[in-house]
1. Taking 56 Å as R0, compute the FRET efficiency from the Cβ-Cβ separation of residue B:259 and residue A:24 and round it to 0.05.
2. Given R₀ = 22 Å, FRET efficiency for residue A:38-residue B:153 by Cβ-Cβ distance, to 0.05?
3. If we count other beta carbons within 10 Å of each Cβ, what is the order of A:275, A:166, B:261, fewest first?
4. Note the full-extension length gain between residue B:237 and residue B:304 as 0.36 nm times their separation in residues minus their Cα-Cα distance, in nm to one decimal.
5. Tell me whether region B:171-228 comes out rounded, prolate or oblate; compute the Cα gyration tensor, take square roots of the eigenvalues as a ≥ b ≥ c, and use a/c under 1.5 as the rounded threshold.
6. Tell me, what is the percent relative contact order of chain A, built from C-alpha pairs under 8 Å that lie six or more residues apart?
7. Describe numerically, in nm with one decimal, the distance between label points set 7 Å from Cα along Cα→Cβ at residue B:277 and at residue B:136.
8. I'd like the FRET efficiency for residue A:315 and residue A:169, computed as 1/(1 + (r/R0)^6) with the beta carbon distance as r and R0 of 22 Å, rounded to 0.05.
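Since every read-out is calculated from the coordinates, none of them should be taken as a lab result. Computed from a predicted structure; not experimentally measured. Don't worry about glycine lacking a Cβ; one is built from the backbone with ideal geometry, like all the others, and counts go over all protein chains shown.
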């Protein structure tokens, strides 16, 4: 295998893991030598995939900005140059580079760069709330359907079919408009919910109510996100169930629950992980699309809402209000997709081999 | 010798065809009765599709039967529930044919062998010592403990599978063609290992195979299956020296003999045709369309398994 400049970094990373784990448990290295070696090969394969590296950097960048964006932003998301300086003419739809506003301002004189950095947090939180719940429901239902088969399978998969047959975006749209008021009401009546929501989304407590549509979108996405996973997991479960080791576990007297979670799930985790990674981009995209379609809360720095709001001022020549949020969405989605594609090749030992020797 | 396992009129039919069509049944096992005595090996032979493996799975309650019962230590295993069923699962286990799919590729050898112990919550002291003891017992060593199945050859994997079954100190093990996926050179090693373990732990085996030479080497008694039924059962040597049923006679006469002069002298009993469709088995004796001795009676009435000589049973109209 020809050397690669990044391989040394990978080696250092692997030996760091080994050192740390050995300190926790002296026998760890002996027991996990093979696993460690496989991780090393995966990293080597990743090093040889330029698109994978690019995807990883973009994806990690999204996560980093999602976490720290609000702290590195030059201004708060609701800071207005107009309100602060009173220079209405200068800061009304100021183009990029105008007096401190690196990416320009919107019609209220707010700093676009700060808005985008705060927006990354909202996108990240949406992803972090939608995917785990959607995936858990889908995985559990898929495992049950695939493992038990028969009537259980029929019941679960017909419900899944109903959800899949109904356009997810429309369903989410309807749910969102139905849920928004209820959620706003709940936030208004629970002080702890107000402070929790504003802390998580990095908003001021006074704006907590305005995040209600986004929370409604999250709940709506829980309902439309699991069917894809249920179907995927069911198929993979059926495939794994045919393996003799499942019957061997049954012969031992293992319970069905244990067989599903200890034998079947670990064996389908690889493809599932790839699907999840590719799905992060989908969640970002759908959430941005929904907040765009919902009209967008003008007070909340959501990427989709910024595009929606900014599109009104395209006639005034304010291209930056479309291009920059659009670019943010594009890069985040592209990053996760590229990384997911690379991950697919890396996790599959057959394609990994071909990358290793490239 | 007391019977450890008593199989009575066991039947398993599998449905085939669409739900809207008239349901048809594959009669994989169709009324099988036999006993397995403690400490012995019962060989079960027959061509592919005759119901050997289904019988094995039924004996371990990996399938629910259509009819009939299996008594293990006097108790019907299909009636067992809860703790009793778990106890049965500890005492009876199986080694599968294909060692390449019978071990979970995501688990180390240590985890694979410890799994039965964890499932049954048995206290074995130091787990590593216990696994090591089992590894030595099946001819592996400590360097294999934390490796994954794909790092092993077929023979080694089968040893791991045997160690895993042994971990529970079972009484009865079904060996479902344990060597047919292995190289000939490795087969003998595994068979000898199984024989040694049987002596050491007084194990009872049901040995399933289509390889007659292997069955003769392993078994104390042999049962011959044809299309879901047992046609002959008896002492291993007696079955080989004086087979009664035409099907058994044909099978045994067709075992290859290494010496070509011997082989030329031997009279071969050829049977024609393919095994019939188990959805629609022929009436009367199931073997009659392929039997060189078939009479009118064979086409109409089904022969019962009768005791021809002591402990040697046959189901054929030639002997009654």
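1. That pair, residue B:259 with residue A:24, gives E of 0.30.
2. 0.65
3. B:261, A:166, A:275
4. 21.8 nm
5. Oblate shape, in that a/c is at least 1.5 and b/c is the bigger or equal ratio.
6. The normalised contact order for chain A reaches 24 percent.
7. About 5.8 nm, to one decimal.
8. 0.20
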